[in-house]
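Note sheet for the following structure.
The values are calculated or read from the model by the stated rules, or taken from the named source; none is laboratory data. Remember, predicted model here, so these are calculated numbers, not experimental data. Here Cβ is always computed from backbone atoms with ideal geometry, including for glycine, and neighbour counts include all displayed protein chains. Just the protein is used for accessible areas: all its heavy atoms, side chains included, with ligands, DNA and RNA removed. Shrake-Rupley method; radii C 1.70, N 1.55, O 1.52, S 1.80 Å.
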Amino acid sequence: MWFGMVSLFPEAFKAVTDFGITGRAIDAGIIEMAYFNPRDFADDKQHTVDDKPYGGGPGMLMKVDPLRLAINAARDVKSSSKVICLSPSGYRLDQEGLKKLALCNSLILISGRYEGVDERILEHEVDLEVSIGDYVISGGELAAMVLVDGLTRLLPSGIGCEESVKRDSFFDGLLEYPQYTRPAEISEYDEAGYVPEVLLSGNHQEIAKWRHKQALGKTYERRPDLMKKYALNESEKKLLGEYIEDQSSD
Ligand code: 9WO
């Protein structure tokens, strides 16, 4: 999968190119990242990329032409790319949305700065505005990296262990179950320092049942919005009932 990163700060993306799953995916040629800096396309001596908003208001906006030329330069490399702008005003990204975007061969990701981008860019150049959450951060770059990371995890052999994708939160619409590793006992935490017995039992059926129960319970407690979308079958209703009872008797 090819990513055309339109950004004033291409060096920001070292956080995904130099580390972890995305770094390995680049080394393996599973993903490629190319950079298109609007400043390189500003035609004045000062390489101006921003200007004051018409009608007044705080801060500066990113000008159309440097952005438009940067996007077109990216399109010249991969003409069929979907163009995405990362913005708090975008459609909310979730795992389903990632799965759909993972079907694309190439994406051009626009990371805004200042107070945002001129609306004509959104109107004439952008196919989709995407938000990673209802908050405003300093630039679109962090959101673009979230998108690159989430998509890389979905690409075939994009990560070391396919199994971990199945475990990842939201893969099946539930939050992930609690995980433990050695040592089995942490004395500093007294009784709370023990690993649940079932996980040490070697009984894989019971372990799977315990994990699913925990995932159902955690989702029920923390994310009623996900719970509403999740169709519980009869055995899951029983499991969740047991979880709720266990919690109330603790
Ligand atoms: C800022 C803003 C504030 C209120 C309503 C809409 C808004 N859009 C933007 C915007 O596009 N800002 C630009 C990108 C420039 C300032 C920093 N940027 C940004 C992107 N802040 N937060 C995001 C973002 C992107 C994706 N998901 C959540 C937040």
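Evaluate the stretch 37-58: report whether one residue or more is touching a strand residue (DSSP E or B) at 6+ places or on another chain (Cβ under 9 Å), within 19 Å of E129 (Cβ to Cβ) and open to solvent by 40 Å² or more (accessible area, probe 1.4 Å).
no
Name the residues in the stretch 1-33 that are open to solvent by 50 Å² or more (accessible area, probe 1.4 Å) and of a type in the set (G, A, S), would you?
Correct list: A15, A28, G29.
State which residue is nearest to the chain's Cα centre (by Cα) when the search covers only the stretch 67-120 and only residues that are more than 16 Å from the ligand (Cβ to nearest atom) and among the hydrophobic types (A, V, I, L, M, F, W, C).
The selected residue is A102.
Output yes when any residue across the stretch 116-128 is in contact (Cβ under 8 Å) with a residue 60 or more places away in the chain, open to solvent by less than 50 Å² (accessible area, probe 1.4 Å), within 21 Å of E11 (Cα to Cα) and among the hydrophobic types (A, V, I, L, M, F, W, C), and no when none is.
Within the stretch 116-128, none of the residues are in contact (Cβ under 8 Å) with a residue 60 or more places away in the chain, open to solvent by less than 50 Å² (accessible area, probe 1.4 Å), within 21 Å of E11 (Cα to Cα) and among the hydrophobic types (A, V, I, L, M, F, W, C).
Just to be sure before I move on: is V136 open to solvent by 20 Å² or more (accessible area, probe 1.4 Å), near the ligand (Cβ under 6 Å from one of its atoms) and either farther than 16 Å from P66 by Cβ or in contact with a helix residue (DSSP H, G or I) (Cβ under 8 Å, 6 or more places away or on another chain) (or both) in the structure I sent?
yes
If I go through the stretch 175-202 residue by residue, how many of them are open to solvent by 50 Å² or more (accessible area, probe 1.4 Å), touching a helix residue (DSSP H, G or I) at 6+ places or on another chain (Cβ under 8 Å) and assigned to a helix (DSSP H, G or I)?
1
For V16, indicate whether it is touching a Pro at 6+ places or on another chain (Cβ under 8 Å) and assigned by TED's automatic domain parsing to the domain that holds L142.
Answer is no for this residue.
Are any of the residues in the stretch 228-236 surrounded by 13 or more Cβ atoms within 10 Å (Cβ to Cβ) and part of a loop (DSSP other than H, G, I, E, B)?
yes
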